[in-house]
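Derivation of every value follows stated rules applied to the coordinates shown; laboratory data play no part. Quick caveat: nothing in here was measured; it's all calculated off a predicted structure. Here Cβ is always computed from backbone atoms with ideal geometry, including for glycine, and neighbour counts include all displayed protein chains.
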Amino acid sequence: MQCRIAPQRQESFCRILLSVRLTASQIVSQERLRWGSEAMRKIGSYRFGQVEIEGQTYRSDLIIYPDRIDSNWWRKEGHSLHIEDLSAAVEAGPELLLVGTGRWGMMRIPQETKDFLASLGILIVAEDTEKACETFNRIAGEKKVVFALHLTC
């Protein structure tokens, strides 16, 4: 199918296309800015009870967002990840929620939580925290990731 535009309308049509194109570019740029900071944030090291991120040591469970770190993250129940524990993570709109389940993987994710995230189109990957840190360093910047870390058992 060919599209023919009357010569007197070509200029205004081109301006509309250019405007739409710029708007789309701006949207893409904003999205890159929003999630692009993940590419710069890397886990330096993890050991039982602490994690080092960009030279800063954290000694309590935390969530890494693209634009910030919540180092005051508390869950409803210590070794279980409930829907209520993830409200800010869900609001961030990630493609992937990466969960570090502790040194020995003691934190559990109830099926209800998994189903809730799936209903929102959020993929969940749960690994022991050491492996999850490696995964985060590998994929941060490639995907829209929020990373929830349980630092102890």
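With viscosity set to 0.890 mPa s at 25 °C, what whole-number translational diffusion coefficient in µm²/s follows for segment 35-102 from Stokes-Einstein and a Kirkwood radius over Cα pairs? The estimated diffusion coefficient comes to 189 µm²/s.
Note on segment 36-149: Kirkwood radius taken over Cα pairs, Stokes-Einstein applied at 20 °C and 1.002 mPa s, translational D equal to 154 µm² s⁻¹.
When the C-alpha to C-alpha distance is required to be over 18 Å, the pairs from Lys42/Lys114; Lys42/Lys143; Lys76/Lys143; Lys42/Lys76 that qualify are Lys42/Lys114; Lys76/Lys143; Lys42/Lys76. Basic side chains Lys and Arg get +1 at the Cβ, acidic Asp and Glu get -1 at the Cβ, and with that the dipole of segment 36-149 about its Cα centre reaches some 240 debye.
Give the relative contact order (percent, whole number) for segment 36-149; include only Cα pairs under 8 Å separated by 6+ residues.
About 32 percent, as a whole number.
Once the chain from Lys143 to Ser119 is taken as fully extended at 0.36 nm per residue, the excess over their C-alpha distance is 6.8 nm. Label-to-label distance for Met106 and Ser80 is 1.6 nm, based on points extended 7 Å past Cα in the beta-carbon direction.
Shown for Asp115, Asp61, Asp67: other C-beta atoms within 10 Å of each C-beta, ranked fewest to most, produce the order Asp115, Asp67, Asp61. Size descriptor for segment 111-153, Kirkwood hydrodynamic radius: 11.5 Å (Cα pairs only, one decimal).
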